[in-house]
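**Student:** The following block contains the structure, expressed as structure tokens.
Each reported figure results from applying straightforward, stated rules to the coordinates on display, with no laboratory input. This structure is a prediction, so every number in the text was calculated from the model and none was measured. So basically every Cβ, Gly included, is an ideal-geometry build from the backbone, and we count neighbours across all protein chains shown.
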Amino acid sequence: MPNTNYMDSLKKIRKKGVGIIFYSTEIEEILLVCDVVHIMQSGRIIASINLREKPVDAHELTYLITSGSKANKKYETMGINGK
């Protein structure tokens, strides 16, 4: 589970409207802190998800991360990618 003080600090900064570039391999942290998620592979963004418009759960996010461009095509048809 993520460090509570750390997460609280990030949430306070976010509420002020400050943009944060947040890198994490912890899915729970990403879902708690981020409004938009960009998944990169080989230096390219392969998926972009606005979690406020299209919430996903940990399972779906893990699928996108681990399946690469194959997942990109599936989620494009669902309107998730920002392309």
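**Student:** Compute the relative contact order of the stretch 4-76 as a whole-number percentage, counting only Cα pairs closer than 8 Å that sit 6 or more residues apart in sequence.
**Tutor:** Result for the stretch 4-76 is 22 percent.
**Student:** Next question, about the same structure. Compute the Cα gyration tensor for the stretch 4-76, then decide on rounded, prolate or oblate, letting a ≥ b ≥ c be the square roots of its eigenvalues: rounded whenever a/c is under 1.5, prolate when a/b is larger than b/c in the other cases, and oblate in all that remain. Mind dumping the intermediate values first?
**Tutor:** Working: a/c = 2.01, a/b = 1.97, b/c = 1.02.
The shape class here is prolate.
**Student:** Additional query: Between LEU32 and LYS54, what is the label-point separation in nm under the 7 Å Cα-to-beta-carbon projection?
**Tutor:** About 2.6 nm, to one decimal.
**Student:** Moving on. Pop a pseudo-label 7 angstrom from the Cα along the beta-carbon direction at both ILE20 and TYR63 and give the gap in nm to one decimal.
**Tutor:** In this crude label model, ILE20 to TYR63 measures out at 2.8 nm.
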